[in-house]
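Undergrad: After the structure tokens below, expect a handful of questions from me.
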2 protein chains.
Amino acid sequence: MNIRAAAAADRDAIWKIFHEVVAAADTYAIDPKISREEALAYWFGAGTRTYVAESQGRIVGTYILRPNQSGGGSHVANAGFMVVPEARGQGMGRAMGEHSLNEARRLGFRAMQFNFVVSTNQSAVRLWQELNFEIVGTLPGAFRHPEKGYVDVYVMYRFLSG
Amino acid sequence: MNIRAAAAADRDAIWKIFHEVVAAADTYAIDPKISREEALAYWFGAGTRTYVAESQGRIVGTYILRPNQSGGGSHVANAGFMVVPEARGQGMGRAMGEHSLNEARRLGFRAMQFNFVVSTNQSAVRLWQELNFEIVGTLPGAFRHPEKGYVDVYVMYRFLSG
């Protein structure tokens, strides 16, 4: 697997992954009917760095890295990750997560925060805990899961030193 | 005091308040050098409702109300408040806070979340607690205060029923 900065030529592959992930509506608080244009404007937003993960010449995942806030909050990074369903359970999320932590350190961030980890997304919660993120907040019923109804959401955080 | 939806004619007054609040750099994670254009684009953003508080014919405060997330997170409201320094300690924040809770209920939101309450902003923390918000998360060192250095930030949350 190779992880690299996304290029304009990757936009079709990214939209395919993005659309598949948000259409499932079980992990991201994004309108499942978001348009290609809006989705790519978000994923390639100002101040956002966009990456893709390739395996055997095919893009199987993508992630973004950006400051979570501006001004006095800009030393904390935020990241978001998406993996194609067929490539899940193969360490793609972990590889991108580790890559994002290294990139965040390289860029001088002091910490990383995930604002919205849906509690029922157990593989994500476990992965981030294994990468030394802690649950620093619980938002009660903040996500409406398509099958499970209102479920809690975690705010996860870790420092980047060391 | 009167609280009402903001109109285009209020933009100058809003920018004056906004600029004064973010230039102090001690409560909002917004670049203190943000331009008028960027500030008003944020405060009057798509999906955002903007209000002003008038006292004796003068605009002394402004707040915004919007969904905190899209899709499966859109039942939780978010709000942000600004009061001119000369009018602080006179109940303006409380009046706008109560107004925002009523508006959020009227619009069908189930809860309200503040993502970034700087812990050293004690009057805000106390006010939101008095309005039945709870600290549901603590972001360690997530705000760089101009005098106090890195300080914690609270995520605050309350349901809107009742």
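Undergrad: Go through B:106, B:144 for me and flag whichever is over 28 Å from residue A:151 (Cα atoms), surrounded by fewer than 22 Cβ atoms within 10 Å (Cβ to Cβ) and basic (Lys, Arg).
TA: Matching residue, one of B:106, B:144: B:144.
Undergrad: Looking at residue B:123, is it assigned to a helix (DSSP H, G or I), among the hydroxyl-bearing types (Ser, Thr, Tyr) and open to solvent by less than 60 Å² (accessible area, probe 1.4 Å)?
TA: So residue B:123 fails the test.
Undergrad: Now a separate question. Where the second residue is of a type in the set (Phe, Trp, Tyr) and open to solvent by less than 60 Å² (accessible area, probe 1.4 Å) and the first is touching a residue at least 12 places away in the same chain (Cβ under 8 Å) and lies in the range B:84-99, which pairs have Cβ atoms under 6 Å and are six or more apart or on separate chains?
TA: Here the result reads B:93/B:81; B:96/B:63; B:96/B:81, each pair linking the range B:84-99 to a residue that is of a type in the set (Phe, Trp, Tyr) and open to solvent by less than 60 Å² (accessible area, probe 1.4 Å).
Undergrad: Sticking with this one: Take the residues of the range A:19-57 that are in a helix (DSSP H, G or I) and out of contact with any helix residue (DSSP H, G or I) (no Cβ under 9 Å at 6 or more places or on another chain): which is nearest to residue A:69 (Cα to Cα)?
TA: A:41
Undergrad: Return the residues of the range A:126-141 that are within 11 Å of another protein chain (Cβ to nearest Cβ), open to solvent by 20 Å² or more (accessible area, probe 1.4 Å) and either of a type in the set (D, E, K, R) or farther than 17 Å from residue B:138 by Cβ (or both); say none if nothing qualifies.
TA: A:134 - this is the single residue of the range A:126-141 that is within 11 Å of another protein chain (Cβ to nearest Cβ), open to solvent by 20 Å² or more (accessible area, probe 1.4 Å) and either of a type in the set (D, E, K, R) or farther than 17 Å from residue B:138 by Cβ (or both).
Undergrad: If you go through the range A:83-120, how many residues are among the small types (Gly, Ala, Ser) and in a strand (DSSP E or B)?
TA: Summing the residues that are among the small types (Gly, Ala, Ser) and in a strand (DSSP E or B) in the range A:83-120 gives 1.
The values are calculated or read from the model by the stated rules, or taken from the named source; none is laboratory data. Since the model is a prediction, treat every value here as computed from it, not as a measurement. For neighbour counting, all protein chains shown are included, and Cβ atoms are generated from backbone atoms with ideal geometry for every residue, glycine included. These area figures cover heavy atoms from the full protein model, side chains too; ligands, DNA and RNA do not enter into them. Shrake-Rupley method; radii C 1.70, N 1.55, O 1.52, S 1.80 Å.
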